[in-house]
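The values are calculated or read from the model by the stated rules, or taken from the named source; none is laboratory data. Predicted model only: the values in this text are computed from it and were never measured. Here Cβ is always computed from backbone atoms with ideal geometry, including for glycine, and neighbour counts include all displayed protein chains.
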Amino acid sequence: MAHQEHPGKHSDEEAHAAAVAGSALARPQEQNQLDFEIEFYGGILERHPGFVDVLRVQGNNLTLKGRYADGMQIDKRLVSLRPQDPLAHYNLACSYALLKRPEQALKTLRRAVELGYRDFRYMREDRDLDSIRHDPRFRQLLREFEKA
C-alpha cells in the first residue's frame with residue numbers, strides 16, 4: 001500500500017496545474033503516468049516548495065515508484081511544514097519502515113498516534129509497515145492506544 005492521502009479542496013493553483021498537465025500530455029507514450037506525475041509535480045515543487053497538497057501526492061508517487069529515500073525527504077518536508085499533522089508523521093514513519101530504519105519508524109509512528117492518528121485497522125494492514133509489524137514495540141503501541 002502506498003502512503004495514505006486524505007482528499008482536500010482544490011485550489012485555483014491546482015486547477016491551473018491540471019490544465020498545464022493536460023497540455024503537457026503531448027509527450028511520448030514511453031513515459032508512464034507515474035513517471036509523468038513525478039516529473040510534473042517535481043516542476044511545481046521547484047516553483048512552490050511548500051505546496052502541501054502537491055508534496056503529499058509527490059511523496060506517495062515516489063513511494064509507489066520505489067524511490068523510498070526521495071519519498072522520505074518529501075515526508076520530512078511535510079513534517080517540518082505541518083509539525084502537528086498526524087498523517088504527515090504517519091507517512092514519514094512508513095518511509096522509515098520501508099528503508100528498514102525501525103527505531104525511527106517506531107518513534108515517528110508513536111508521534112503520529114500521539115497527534116491523533118487513529119486508523120489502526122489500516123495500520124495493521126499497511127504493507128509499508130511490514131518491516132516493523134512483528135516488533136513488540138509496534139504491538140505495544142497498538143495495545144496502548146486502541147484502548148484509549
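From the list Val52, Val79, which residue is touching a His at 6+ places or on another chain (Cβ under 7 Å) and hydrophobic (A, V, I, L, M, F, W, C)?
Numbers: Val52 fails: touching a His at 6+ places or on another chain (Cβ under 7 Å).
Selected residue: Val79, the only one of Val52, Val79 that is touching a His at 6+ places or on another chain (Cβ under 7 Å) and hydrophobic (A, V, I, L, M, F, W, C).
Restricting attention to segment 112-136, which residues are surrounded by 19 or more Cβ atoms within 10 Å (Cβ to Cβ) and closer than 20 Å to Asn60 by Cβ? Result: Ala112, Tyr117, Met123, Asp126, Asp128, Leu129, Ile132.
Of a type in the set (A, V, I, L, M), at pLDDT 95 or above and either within 15 Å of the chain's Cα centre (by Cα) or within 22 Å of Phe51 (Cβ to Cβ) (or both), is that true of Leu106? In short, no. Can you pull out the residues in segment 91-109 that are out of contact with any helix residue (DSSP H, G or I) (no Cβ under 6 Å at 6 or more places or on another chain) and either free of Cβ contacts under 8 Å to residues at least 12 places away in the same chain or more than 22 Å from Gln58 (Cα to Cα) (or both)? Of everything in segment 91-109, those that are out of contact with any helix residue (DSSP H, G or I) (no Cβ under 6 Å at 6 or more places or on another chain) and either free of Cβ contacts under 8 Å to residues at least 12 places away in the same chain or more than 22 Å from Gln58 (Cα to Cα) (or both) turn out to be Arg101, Pro102, Glu103, Lys107. Anything in segment 81-128 that is within 24 Å of Lys65 (Cα to Cα) and of a type in the set (Val, Ile, Thr)? List them, or say none. Listed by number, the list holds a single entry, Thr108.
Annotation: of all residues in segment 126-148 being assigned to a loop (DSSP other than H, G, I, E, B) and aliphatic (A, V, I, L, M), the one that is farthest from Leu106 (Cα to Cα) is Ala148. The residue pairs whose first member lies in segment 117-129 and is among the acidic types (Asp, Glu), whose second member is in a helix (DSSP H, G or I), and whose beta carbons are closer than 6 Å, counting only pairs six or more residues apart or on different chains, are Asp128/Cys94; Asp128/Ala97; Asp128/Leu98.
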